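Take a look at the structure below.
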Amino acid sequence: FEQAIAAANARADKTVRYRIFVKKGAYSLPASAEASFVGADGKNYPDVRHYITASNISIIGEDRDATVVDNGDLSALTFAGQYGTTSVYDGIGNSDVLQISNTVSGLYMEDITIKSGIPDARGRNLAVQDRGTKSIYKNVCLHGYQDTWTSNNDNGLYYFEGGRLRGRTDYLCGKGDAFFNEVNLVMCEKGGYLAVPSKSIKYGYVFKGCTIEGGKSDVDGTYYLGRAWTAAAETYFINTTMKAQPAKAGWHEWNNGPTRFAEY
């Protein structure tokens, strides 16, 4: 998998689509050989991030739930942080299994699971940080706890169709416009915030025909549909089935937003 990504990034003609087919299996991407990353505790560690830097790459798994890519078992690398036991890789841009560079357009992913190697409740553990645009995720599972999928491009456009997105705290967050079409949204445990947009282009995050369910039986009535990262935030839930009901307030008051939060 790592060699395939490297070949796709290094190819000469990046206008032609490059397809990577990933057979069923568990793939733990290796950390860098050098201790080149400064962790949240100030010490040096191997870098566990993996980068997609070229446009027009397709990553297609053989079976979504049986084709799993992570960045190793990072459960032992913790320290006593401000909010309790925290991963040394805590942080947006620190823990990303895959980071999509801001030069990338036209990423396509299908039938694959990207899972953070950081356990739940150990800080921000991104499956994917997408700094590109025109990304499509079809029947993809992104598995994390906090900031699972982070869109980090002021002008980014993103589309999800089907699949499963799992997390608890701000687990879909960031910039740009994203359309979630019939996606299974899983609040893995009680409390938390589902959608936390910051800077929208025109619509922000739009969820249509999706389903929200709880990963545990006590999620019902405890979580919020979203909170605003900035005053420019927008989120819309349209014809979405909430098997796990949100808190009575629906939305959480945070910062100076939003421009608009709505559900129909």
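At a glance:
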quantity: Which listed residue is open to solvent by less than 70 Å² (accessible area, probe 1.4 Å), of a type in the set (S, T, N, Q) and closer than 14 Å to residue 194 by Cβ, from 230, 235; calculated: 235
quantity: Candidates 234, 253 - the one that is more than 23 Å from residue 131 (Cβ to Cβ) and among the charged types (D, E, K, R); calculated: 253
quantity: Unmet criterion (only one of (1) part of a loop (DSSP other than H, G, I, E, B); (2) touching a residue at least 40 places away in the same chain (Cβ under 8 Å); (3) closer than 21 Å to residue 262 by Cα; (4) among the charged types (D, E, K, R)) for residue 170; calculated: (1)
quantity: Condition check for residue 202: touching a Ser or Thr at 6+ places or on another chain (Cβ under 8 Å), open to solvent by 10 Å² or more (accessible area, probe 1.4 Å) and not in a strand (DSSP E or B); calculated: no
quantity: Scope region 217-237; condition assigned to a loop (DSSP other than H, G, I, E, B), within 12 Å of residue 256 (Cα to Cα) and in contact with a strand residue (DSSP E or B) (Cβ under 6 Å, 6 or more places away or on another chain); matching residues; calculated: 229, 233
quantity: Failed condition for residue 123, given (1) open to solvent by 10 Å² or more (accessible area, probe 1.4 Å); (2) in a strand (DSSP E or B); calculated: (2)
quantity: Residue in region 1-49 that is least open to solvent (accessible area, probe 1.4 Å), counting only those that are over 17 Å from residue 116 (Cα atoms) and of a type in the set (Asp, Glu); calculated: 41
quantity: Candidate set: region 55-83, residues that are among the small types (Gly, Ala, Ser) and touching a residue at least 12 places away in the same chain (Cβ under 8 Å); chosen: the one surrounded by the most Cβ atoms within 10 Å (Cβ to Cβ); calculated: 61
quantity: Exclusive hit being within 21 Å of residue 118 (Cβ to Cβ), without any contact (Cβ under 8 Å) to a residue 40 or more places away in the chain and surrounded by fewer than 17 Cβ atoms within 10 Å (Cβ to Cβ), set 216, 243; calculated: 216
quantity: Sole exception among (1) over 20 Å from residue 59 (Cα atoms); (2) open to solvent by less than 10 Å² (accessible area, probe 1.4 Å); (3) within 9 Å of the chain's Cα centre (by Cα); (4) not β-branched (Val, Ile, Thr) for residue 144, by number; calculated: (1)
quantity: Those residues of region 83-109 which are farther than 14 Å from residue 152 by Cα, more than 15 Å from the chain's Cα centre (by Cα) and not aromatic (Phe, Trp, Tyr), in sequence order; calculated: 84, 85, 86, 87, 88, 106
quantity: Check on residue 191, of a type outside the set (Asp, Glu), surrounded by fewer than 23 Cβ atoms within 10 Å (Cβ to Cβ), assigned to a loop (DSSP other than H, G, I, E, B) and under 20 Å from the mean Cα position of the chain (by Cα); calculated: yes
quantity: Unique match (being under 17 Å from residue 159 (Cα atoms), under 17 Å from the mean Cα position of the chain (by Cα), in contact (Cβ under 8 Å) with a residue 24 or more places away in the chain and open to solvent by less than 30 Å² (accessible area, probe 1.4 Å)) among 52, 118, 136, 112; calculated: 112
quantity: Hits in region 195-224 (condition: more than 17 Å from residue 241 (Cα to Cα) and β-branched (Val, Ile, Thr)); calculated: 196, 201
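The values are calculated or read from the model by the stated rules, or taken from the named source; none is laboratory data. Note that the structure is predicted; figures quoted are calculated from it, not measured. Don't worry about glycine lacking a Cβ; one is built from the backbone with ideal geometry, like all the others, and counts go over all protein chains shown. Just the protein is used for accessible areas: all its heavy atoms, side chains included, with ligands, DNA and RNA removed. Shrake-Rupley method; radii C 1.70, N 1.55, O 1.52, S 1.80 Å.
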